[in-house]
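Below: the structure, in structure tokens.
Laboratory data are not the source of any read-out in this text; all were calculated from the coordinates shown. Just so it is clear, the structure is predicted and the values come from calculations on it, not from any experiment. Cβ sites come from the backbone with ideal geometry, for glycine too, and all protein chains shown count toward neighbours.
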């Protein structure tokens, strides 16, 4: 027997978080490893249940709770799911003060927790504390094991019953357990009559993700609806209900965590499930299994040179973003929600990535020596679209899972605040009232979990929120107005853009001066940003100078094409976003990001390194071929697009496979495709809207109007279009200039432009394209 025993506490993925050392005299020491060095404290450590890597599996529905790690290990040897928390009989008080949401986070999804106390007063206290902490989130039972001597525990019971099995212990527990009933508390004198204890009418996304389907029953129901079937091993072959099936062409196989259905005639799984009256989600044991299935869908192989050349073709304006290289989960989500809302898929997609980054914060990272500096998934995007193009809708859809979580937190904070206010009104002293202290601590923990930064507030309020939460995402429905408002509220006026720029790289420390002469010091402030705006609002706030200064270069600029379509007046029997399969899977991704307690330090696979290096080299080759004026304009963008690929690749890899720290070639290619689209849009914007004078802008509006008419219109129709604010003379001036440039042909009479003169684009124009007005 060794003098010391080490118990390791790991996260759900098996990554070591911290350890407990047990000495021969039952003296316990806590330590953690940092950069290979042993640190004998847990400062800043977020505790987890022991053997979480085993009990954290979705299929585990019941767990035994004991007092020591030794007992957990002995139960595990019997094949029994068991856990504990570090600290022995005095563990719970300090743990819940530091992590008020501990029980809900780690035990809320279990159907049942059974506590096995040690046979002594500390053991009974530990069991009572554990039961009181857990009973709000799950069913709790307590079992006093028979024939235990004083101070005996479950390990002693196992030793006293040699050869016992998991079934033997289960039988004993079944005979001896009792359901824990917490002591009743009379709160009527402490709370107002309007106080609502239960604030949820429906389950949260996290709760929905814990639902486990009875696959065996669903499988039997499917087989009962199929005709003409026979078995081949564990696969049942029956007639497909979607098409007129002459023979059994549908194969149905029950796996451990899913039901596979494949029609050899080519019918899709969605249509098969619908015909059988089964929801897609019911074909999987739980949401995580469904996500795994979606993540296994192949991504097309990419010829990087071909991808680059196609995206960078000279066009009148950028096409819609080609999403075929995105992970299946993200691609399906942006496509389905775009069809549902008419919003641009690229804005939905980029906002979803920015929100994912906010959920992860510093828990996804690339550190030296894998890159020159530390990189985090803080994504900044700015989408330029015309008025009425559902820009705000795109933001709300892309960040919907994060916004739903924000709402849940605010409801919980409101509930706790009402409870606290009621106790304060009852003259309760927080220093003397443990219950009040519990709610105060929990409210503080809930506030730390918020991830949406305030759009309408002062700069100081924003800094306070970042200090409290570590950061989050800005969802800016009118970027220009937001920037202008913050400029006016910021104490250094024109320094607003510089202050924002300083936050972009998540610096080790950021110091900000307050209005009252003090300062606030932030450590690794994390800020993601997804903004939308019209060109008209941006022009004047952002310019070529902003490009050269590097402020605008922090953003991936997108210019999705305008949709020339009358939107539906009312929903036409469409689903809600929450009912989409893709939303369910994206929600599971967010849940996994929120549950990540140990940072994932990513490395690039050899093929990923090769793809990234090829993109990086070609990017700079294109830059060196530009003239000096364009080089000045695009130099700061070039320097951000390259590392931007890696920032995106971290999120892409989590979408592809959330259990690895190796970034694949597919993840890098997905990041490259987005940055290439941003490059195309940026060049277009500075060639046209953001890089043009007021005079050039008016010429462009006239030209674009003719282009939208198929390349041909008449003067009267142009005058009625109101694309310019001026009168006939201004229109004629711009038409004359365009004609002198050789871009249009005007039908004249005696050298003048008649009222109904025909105006036609010259042969160099491309009527197939359409450009926004």
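Could you work out how far helix 434-448 tilts from the main Cα principal axis of the chain, as a 0 to 90 degree angle to the nearest 10? So the helix axis and the longest Cα principal axis differ by about 30 degrees. Measure nothing fancy, just the Cα-based angle from helix 328-341's long axis to the longest principal axis of the chain, in degrees from 0 to 90, nearest 10. Tilt relative to the chain: about 60 degrees.
In plain terms, the residue of 760, 235 with the fewest other Cβ atoms within 10 Å comes first and the most crowded comes last, giving 235, 760.
Report the gain in length on full extension from residue 305 to residue 339: 0.36 nm times residue separation, minus Cα-Cα distance, nm rounded to one decimal.
9.1 nm
A full extension of the chain between residue 509 and residue 578 corresponds to an added length of 20.9 nm, given 0.36 nm per residue minus the alpha carbon distance. For the pair residue 73 and residue 232, label points projected 7 Å from Cα toward Cβ lie 5.0 nm apart.
Would you indicate which of [x] 1.13; [y] 1.19; [z] 1.07 is the value of Cα Rg over 2.2 N^0.38 Å derived from the coordinates of this structure? Step by step, Cα Rg over 2.2 N^0.38 Å for this structure corresponds to label [x].
Between the alpha-carbon centres of the range 400-450 and the range 349-363 there is a gap of 26 Å. FRET efficiency for the pair residue 31 and residue 179, taken as 1/(1 + (r/R0)^6) with r the Cβ-Cβ distance and R0 = 51 Å, rounds to 0.85. Between helix 400-425 and the chain there is an angle of about 50 degrees, using the helix long axis and the longest principal axis of the Cα atoms. Note on residue 601 and residue 97: with the Förster distance fixed at 41 Å, the Cβ-Cβ geometry gives a FRET efficiency of about 0.85.
How do 391-402, 94-105, 651-662 rank on mean C-beta neighbours within 10 Å, highest first?
Sorting 391-402, 94-105, 651-662 by mean packing, highest first, produces 391-402, 651-662, 94-105.
Neighbour counting of Cβ atoms within 10 Å sorts the residues 356, 261, 650, 269, fewest neighbours leading, into 269, 261, 650, 356.
Of 755, 762, 682, the sequence from fewest to most neighbouring Cβ atoms within 10 angstrom is 755, 762, 682.
Dividing the mean sequence gap of close Cα pairs (under 8 Å, 6+ apart) by how many residues the range 1-132 holds gives a relative contact order of 20 percent. Taking the helices alone, the chain has a mean residue ellipticity at 222 nm of -13500 deg cm²/dmol, built from -39,500 (n - 2.57) per DSSP H run of at least 4 residues and averaged over all its residues. The range 45-115 and the range 718-732 have Cα centres spaced 73 Å apart. Which whole number in µm²/s is D for the range 694-761 by Stokes-Einstein, with the Kirkwood Rh taken over Cα pairs at 20 °C and 1.002 mPa s? Translational diffusion coefficient: 183 µm²/s. Take the Cβ atoms of residue 421 and residue 441, set R0 to 25 Å, and the FRET efficiency comes out at 0.95.
Beta bridges per DSSP, both residues in the chain: antiparallel share near 60 percent. For the range 694-761, relative contact order (Cα pairs under 8 Å, six or more residues apart, normalised by length) works out to 40 percent. Taking every C-alpha pair closer than 8 Å and separated by at least 6 residues, the mean separation divided by the residue count of the chain gives a relative contact order of 11 percent.
Relative to the present Cα-Cα distance, how much length would full extension add between residue 262 and residue 458 at 0.36 nm per residue of separation?
Additional length available on full extension: 64.9 nm.
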